[in-house]
Amino acid sequence: MREAFSGTFIAAGGFDREDGNNAVAEGRADLIAYGRWFLSNPDLPKRFELNAPLNKYDRSTFYTSDPVVGYTDYPFLENTA
């Protein structure tokens, strides 16, 4: 991919903390997008920093008309202890 594109490369899809760090360290990407993990972990950077467990996401709540379920009801780290 690097030979075809010289700009900032953002990779997404299936990365966890370790995989994302490795992709950047190995030069396979400049940035990693964590869409699903951010939906279920509103404090994802803090969880990554602490290597804390992640909330599991529920795909059945993605792209629904319900304004609360799935987008705003996942607990923050300090509320899970």
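The values are calculated or read from the model by the stated rules, or taken from the named source; none is laboratory data. What you see is a predicted model, and the numbers here were worked out from it, not measured in a lab. Cβ sites come from the backbone with ideal geometry, for glycine too, and all protein chains shown count toward neighbours. What goes into the accessible areas is simple: the full protein's heavy atoms, side chains included, and nothing from ligands, DNA or RNA. Shrake-Rupley method; radii C 1.70, N 1.55, O 1.52, S 1.80 Å.
Regarding PRO67, is this residue open to solvent by 50 Å² or more (accessible area, probe 1.4 Å) and touching a residue at least 24 places away in the same chain (Cβ under 8 Å)?
Numbers: open to solvent by 50 Å² or more (accessible area, probe 1.4 Å): yes; touching a residue at least 24 places away in the same chain (Cβ under 8 Å): no.
No: the conditions fail for PRO67.
When only residues in the stretch 51-81 that are outside any loop (DSSP other than H, G, I, E, B) and over 22 Å from ALA12 (Cα atoms) count, which is modelled with the highest pLDDT? Before you say what the answer is, go through the steps one by one.
Going residue by residue through the stretch 51-81, those that are outside any loop (DSSP other than H, G, I, E, B) are 59-61, 77-79.
Next, only the ones that are over 22 Å from ALA12 (Cα atoms) stay: 77-79.
On the way: LEU77: 89, GLU78: 81, ASN79: 64.
That would be LEU77.
Scanning the stretch 1-22 for residues that are farther than 21 Å from GLU78 by Cα, out of contact with any strand residue (DSSP E or B) (no Cβ under 6 Å at 6 or more places or on another chain) and not acidic (Asp, Glu) yields a count of 12. Summed over the stretch 12-50, the residues that are within 14 Å of the chain's Cα centre (by Cα), modelled with pLDDT under 95 and small (Gly, Ala, Ser) give a count of 4. Within the stretch 37-64, the set of residues being open to solvent by 50 Å² or more (accessible area, probe 1.4 Å) and among the acidic types (Asp, Glu) comprises GLU49, ASP58.
Could you tell me whether TYR34 is touching a Leu at 6+ places or on another chain (Cβ under 9 Å), open to solvent by 60 Å² or more (accessible area, probe 1.4 Å) and on the phi < 0 side of the Ramachandran plot?
Values: touching a Leu at 6+ places or on another chain (Cβ under 9 Å): yes; open to solvent by 60 Å² or more (accessible area, probe 1.4 Å): no; on the phi < 0 side of the Ramachandran plot: yes.
No; evaluated as a whole, the condition is false for this residue.
For the stretch 20-31, residues that are assigned to a helix (DSSP H, G or I) and either open to solvent by 70 Å² or more (accessible area, probe 1.4 Å) or touching a His at 6+ places or on another chain (Cβ under 8 Å) (or both) total 2.
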